[in-house]
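Remarks on the structure that follows.
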Amino acid sequence: MNLAEYYKRYCKIMSNKARFLRGLLFFLLTTFLFSGCEKLDLGKPVDCSIGTSYRVNTGLSFKIDSLMDYRCPTDLLCFWGGDVDIYFNFDHNSKHKVALINLNSQDHNPVIIGDYTFKVLAVNPNYKSDEVHKKEDYWVQLVVTKN
């Protein structure tokens, strides 16, 4: 075997090892990224916290970034009841998407991302006029269905 043949054989072996290591690294990274996510059951209501990542499948996950609550306090009578703006961050097939879902708006609830529909059912707690809630106190009930 001459030096050129030896070099070609060596490069082929190293290329296969590099391909294997890249695949292993991708698998470990994907497993690590999704291990911190909570897996959803499709079609069943789930209570989601702000800032927690949720996984629909391997190519789709989301997180509620924040919300703005404009609803009337439960102990007051308001002319206009207000709504809740819920800001979502979606990761769909390695693409980042941002969406706004309003609790009481048919134009912005539900939202379709890929083959899935996200519908917000409720935002809790409902508060009284003398109560102050931090954003961490809120939870959003939603249902995710496959189209």
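Values quoted throughout were computed directly from the atomic coordinates according to the rules given, and no laboratory measurement underlies them. All values derive from a computational prediction rather than experimental measurement. No Cβ is skipped: glycine too gets one built from the backbone with ideal geometry, and neighbour counts run over all protein chains shown.
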Item to check | Rg over Rh [alpha-carbon atoms, Kirkwood Rh] for the stretch 37-146 | outcome: 0.99
Checklist entry - Charges only on Cβ, +1 for Lys and Arg, -1 for Asp and Glu: so what's the dipole of the stretch 37-146 about the Cα centre, in debye to the nearest 20? => result 440 debye
Checklist entry - Over the alpha carbons of the stretch 92-147, what is the largest minus smallest coordinate on each principal axis, giving the biggest first in Å? => result 43, 24, 16
Item to check | Karplus 3J(HN,Hα) series, Hz, for the stretch 65-76 with 6.51 cos²θ - 1.76 cosθ + 1.60 (x for Gly, Pro) | outcome: 6, 6, 8, 10, 9, 10, 6, 6, x, 5, 9, 10
